Amino acid sequence: MYILGIESSCDETSAAVVRMEEGRREIAANIVASQIETHRLYGGVVPEIASRAHIEAVTAITHEALDTAGVTLKEIGAVAVTAAPGLIGALLVGVNFAKSLAFANGIPLVPVNHIKAHVAAAYLADPDLKPPFLAVVVSGGHTSLFEVRSHTEFIEIGATRDDAAGEAFDKIGRVIGLPYPGGAALDKLAYEGDPRAVKLPSPALGGETLDFSFSGLKTAALNYINTCRQSGTEVPRADLAASYTRAIVEGIASKTEQALISRGYKTVVLAGGVAANSHLRARLQQVSVAHGARLSVPPISLCGDNGAMVAAAGYFAFLAGQRAGTDLNASAEDHPAWES
Ligand code: KG4
Ligand code: ZN
């Protein structure tokens, strides 16, 4: 069946047409309109500007996706839309658009959780992937470990208690003068520096917990930058990028390893915008192999926010019988009412 996926939770408006059946995953179109250039001016996402940009883009993007796929609305079996979590105003644009489109055309509407959609991106490139597995979700807003029991049932077994890994990357990127969002630029810069040059605390909390805390790491890096500036020395940006990346990557790797050891998963899925990080991809591959597990990670083009991952998650939610009515509301929260 063809699923139309619509994403508008943050700063990307996206619509995709994906064909999924038993053993078949085909991305017929995945159109992403990024607002990054607009928000770069402000060093971060401005929610009101994001909502307006989604309104301006969503109709044209959806037409483009259908045209590119060569599919009409009559052939669409379900409309899947990110309904939580994210920026409320941004989410509302996608949700209301999807509701109108679905009900005007008599197509079933399926609400999708953005975090589950990031994980579902892995199914698109890896047709053999099946739950159960351990999902490591690292994005601009989330850093969590999930035991994925079925395509729709996720149990959170670890999470950040404060900032997310992506936020931590973006914050330090901004302070050392890299363009927003800093994650991708830090990834590259890290290759030019010494990962042991700057001593930084780990974001992995000690003990049995699988939780993280990134605020101490962020503060330590900021203090380091301030100390350099106050003493008139230039901040060694590449060394800091390498050391900071190492701290984040090792922190995530150590909790992944702990989860593999204590719970014996055979498959690990790495997903979310920060899953594009080359150092993290390589390190989790090592950790997975060392513990007899297979790592599945989406191609970089499917790590950031996109409609194809929403359509993939929507397909499995559709199969599980999940439907929304005209009363569907967006929710900024991780656990919206329609999921309970
Ligand atoms: O999943 P995503 O597109 O949006 C959210 O759902 O939050 O993630 C965006 C985050 C940003 O913080 C961005 O800096 C980060 O993903 N990111 C990266 C890389 N590419 C994107 N972080 C580290 N290394 C990268 N290569
Ligand atoms: Zn995302």
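The values are calculated or read from the model by the stated rules, or taken from the named source; none is laboratory data. The shown structure was predicted, so the numbers you read here are calculated from the model rather than taken from an experiment. Neighbour counts are summed over all protein chains in view; Cβ atoms, including those assigned to glycine, are modelled from backbone coordinates with ideal geometry. Calculation scope for accessible area: heavy atoms of the full protein, side chains included, ligands and nucleic acids excluded. Shrake-Rupley method; radii C 1.70, N 1.55, O 1.52, S 1.80 Å.
Numbers below:
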{"quantity": "Peptide ranges 103-111, 228-236, 165-173, 142-150 listed from the most packed, as the mean C-beta count within 10 angstrom indicates", "calculated": "165-173, 142-150, 103-111, 228-236"}
{"quantity": "For the chain, share of DSSP beta bridges that run antiparallel, in % to the nearest 5", "calculated": "60 percent"}
{"quantity": "Nitroxide proxy distance, nm - points 7 Å out along Cα→Cβ at Gln286 and Arg149", "calculated": "3.4 nm"}
{"quantity": "Linear extension gain, Ala125 paired with Leu73, 0.36 nm per residue minus alpha-carbon span", "calculated": "16.2 nm"}
{"quantity": "Label point 7 Å beyond Cα of Glu208 along Cβ direction - residues of the range 218-258 with amide nitrogen under 18 Å", "calculated": "255-258"}
{"quantity": "Rounded percent of accessible protein surface that carbon and sulfur make up, the range 1-134, 1.4 Å probe", "calculated": "55 percent"}
{"quantity": "Exposure rank, largest accessible area first [Ile55, Ile88, Ile252, Ile36; 1.4 Å]", "calculated": "Ile55, Ile88, Ile36, Ile252"}
{"quantity": "Accessible area of the range 223-340 belonging to carbon and sulfur atoms, whole % at 1.4 Å probe", "calculated": "50 percent"}
{"quantity": "Most to least accessible of Tyr191, Tyr244 (protein chains only, probe 1.4 Å)", "calculated": "Tyr191, Tyr244"}
{"quantity": "Sequence-distant lysines (8 or more away, or on other chains) whose Cα lies within less than 19 Å of Lys130", "calculated": "Lys116, Lys266"}
{"quantity": "Solvent-accessible heavy-atom area per residue, rounded to whole Å², over the range 131-297 at 1.4 Å", "calculated": "42 Å²"}
